[in-house]
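Read the structure below first, then the notes.
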Amino acid sequence: MNRLPNNLIVSQASIPGTHDSGTFDCSWYQACDSSQCQSWNIYNQLRAGIRYLDLRIDIRSDYLAIGHGPYQFMALHDALRDVARFLRENPSEFVILAYQVNKGDGDPSPRIIQEMRDYGVSA
């Protein structure tokens with residue numbers, strides 16, 4: 001990102017992203033291949049140049065998960081840990097996190113923002 005012009009507006013840039021970014025590990029489900037959309041974990045997607053992550057949130061009573069269809073792939077805090085690590089290692093970069101509720105009731109935004117803060121990721 002540091003090679004882009006300083007006056008470039010984000011909406012004018014072509015930003016590479018992945019669909020269902022957190023659905024990379026299907027090893028613990030026997031039949032979830034149809035729900036797996038990625039081969040690389042979040043950190044490796046970012047290292048490869050992805051800057052837009054599509055996260056589908058399953059609201060659970062004890063934590064927020066990333067899911068697709070009936071399957072849960074990872075805890076949101078694990079994805080945020082990978083994002084925070086990448087941003088610490090690459091301070092001139094940014095990452096856009098887009099989310100939608102896959103399962104559960106209510107607005108998870110306050111919990112998501114708190115988890116982002118816990119990992120030092122700005123909202």
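The values are calculated or read from the model by the stated rules, or taken from the named source; none is laboratory data. Just so you know, these numbers come straight off a predicted model, no measurement behind them. Note that each Cβ is placed from the backbone with ideal geometry, even for glycine, and that neighbours are counted across all protein chains shown.
I'd like the full set of residues that are surrounded by fewer than 16 Cβ atoms within 10 Å (Cβ to Cβ) and either within 20 Å of Arg111 (Cα to Cα) or of a type outside the set (Phe, Trp, Tyr) (or both), limited to segment 86-96.
The first filter runs over segment 86-96 and keeps only residues surrounded by fewer than 16 Cβ atoms within 10 Å (Cβ to Cβ), leaving 88-94, 96.
Hits for segment 86-96 are Arg88, Glu89, Asn90, Pro91, Ser92, Glu93, Ile96.
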From the residues in segment 59-75 that are within 20 Å of Val121 (Cβ to Cβ) and assigned to a strand (DSSP E or B), which one is modelled with the lowest pLDDT?
-> Phe73
Criterion: outside any loop (DSSP other than H, G, I, E, B), more than 21 Å from Glu115 (Cα to Cα) and modelled with pLDDT under 90 - qualifying residue of Ser11, Ser27, Ser39 | Ser11
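Based on what the data block shows, is Glu115 under 13 Å from the mean Cα position of the chain (by Cα), within 25 Å of Ile15 (Cβ to Cβ) and either at pLDDT below 85 or acidic (Asp, Glu) (or both)?
Numbers: under 13 Å from the mean Cα position of the chain (by Cα): yes; within 25 Å of Ile15 (Cβ to Cβ): yes; either at pLDDT below 85 or acidic (Asp, Glu) (or both): yes.
Here the answer is yes, as Glu115 does meet what is asked.
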Take segment 95-118 and flag every residue that is more than 26 Å from Gly49 (Cβ to Cβ), acidic (Asp, Glu) and either touching a residue at least 60 places away in the same chain (Cβ under 8 Å) or outside any loop (DSSP other than H, G, I, E, B) (or both).
-> Asp118
